Amino acid sequence: MAVILGIESSCDETSASICIDGEIKSNIIASQAIHAKYGGVVPELASRAHQLHIIPTVDEAIQQAKIHKNDVDAVAFTRGPGLLGSLLVGTSFAKSFALARQIPLIEINHMQAHILAHFIEEPKPSFPFLCLTVSGGHTQIVLVKDYFEMELLGQTLDDAAGEAFDKTAKILNLPYPGGPLIDKYAQEGNPDAYKLPEPQIPELNFSFSGLKTAILYMVQAEEKKDPNFLMENIADVCASVQQRIVSILLNKLKKAAKQTGVRNMAIAGGVSANSGLRQGLLEMGKQYQWNVFIPKFEYCTDNAAMIAIAGYHKYLRKEFVGQDITPLARMHV
C-alpha cells in the first residue's frame, strides 16, 4: 500500500491531499480571500497566508483520510511553475516532512498535474490524448503520450485565457476573481449580442491581448452613447465575451485534432470549470465523434489531489529527488 501526501502551494490556494494506492482519500483546500480587495493576487500576501495555512491544512487532510502521519510513504509537492514565495512554503514543508520521516520526496510539475487530474476518477482517458490546459497563467495544447511524456503543441503568446476573463471583468467593473462572475452573467445573456474579433495567430498558439483591447474599446464606445450601458447590458456583454474566448480555445483544439489525428480530448486547469467551455467541448465532441474528458469542478482549480495522483505515478516509477531540490517559478510541461 502506497500512501502519498500531496502539497500544492503554487499561487493563492494552500492544499493538501492523501492518495492511497491511486485513490484520493482527502483533498483539503484553504483559499485566500485577502486578494479580493486588491483586484488580484499579491505575491507577498500569498506566501504569508501559505505559512499560516499549511500545517492545519495538512493535518486536516491526514485526519480526513483516517491515517496517521507515520503512515505516509512519500511526499509529493509542486515544484513549479508558480509564485516563487508561495512555492517556497510548500517546498520547504515537504522537504522538512520527508526529512523528519526519512521518506522519499517527489517533485511535481504543476501543469502536468492539471493534466493528470484526469486519472483521479473514472472515466480516464487512454493515451494518446490532447489536453487543452487553461488557467489564469497558462493556455496550452498538450499532446499527452504517457503519464510524464508530454509534447507542447501550442501556447499563448501573451495573456492566458484566465487573464482574459479576469482583465475583462475589470473593464466591466466586476470584482475579483471575475472569471466565475462572467460565466454566471453569460448564462443569462445573448452570446451574439456583440461581435468580437477572433485573433488569427499562426499554428496552434493563442493570443488574448487584442481581444481584451477590442472589448475595452467596445465598452468605451457604448458608454459614450449611454452611461448606463454596462448596467443594462452586462449579461449580453459577458455572454459575447465568453463565447469568443471559448471559440478561440476550441477552434485551436479542433485544428490540433486534425493535425495529430488524435480523437481523445480533455480540458484541465481553472478555466476548465467554465460552463461555456465545458458545454462547447461536449458539443464539438459530438460533432467530430471525439472521446471527451472533463474533470470534476473540484479538480479544475489548483488542488493537491492532482499533485498526489501525479506523485503516486512517480512513486511507482521510483522517481525521487533529494533535499537539495529548489522551487522553480517557470517550468515547461
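The values are calculated or read from the model by the stated rules, or taken from the named source; none is laboratory data. Fair warning: this is a prediction, and the values are worked out from it, not measured in the lab. Neighbour counts run over all protein chains shown; Cβ positions are idealised from the backbone, glycine included. Accessible surface areas use protein heavy atoms only, side chains included; no ligands, DNA or RNA. Shrake-Rupley method; radii C 1.70, N 1.55, O 1.52, S 1.80 Å.
Descriptive notes on the structure:
- Summed over the residues of region 125-294 and divided among them, the accessible surface reaches 45 Å² per residue at a probe radius of 1.4 Å.
- Alpha-carbon centroids, region 1-50 and region 278-333: separation in whole Å: 15 Å
- Cα centroid separation - region 104-144 against region 223-262, whole Å: 24 Å
- Sparse-neighbourhood loop sites, GluC sites (Glu not before Pro) in region 219-274 - DSSP loop, at most 10 other Cβ within 10 angstrom: none
- FRET efficiency, Asn228 to Asn70 (Cβ-Cβ, R0 51 Å, nearest 0.05): 0.20
- Ranking by accessible area, most exposed first, for Lys225, Lys296 with a 1.4 Å probe: Lys225, Lys296
- Percent accessible area from carbon and sulfur atoms, region 125-294, protein chains only, probe 1.4 Å: 49 percent
- Cross-link partners for Lys195 among the aspartates and glutamates, with Cα-Cα distance under 16 Å and sequence neighbours closer than 8 places in the same chain left out: Glu222, Asp236.
- Dipole magnitude of the chain, debye to nearest 20 (Cβ charges: Lys/Arg +1, Asp/Glu -1, about Cα centre): 440 debye
- Accessible-area value, Thr301, 1.4 Å probe, nucleic acids and ligands omitted, Å²: 60 Å²
- Inter-label distance, nm, simple model (7 Å from Cα along the C-beta direction), Lys124/Asp59: 3.4 nm
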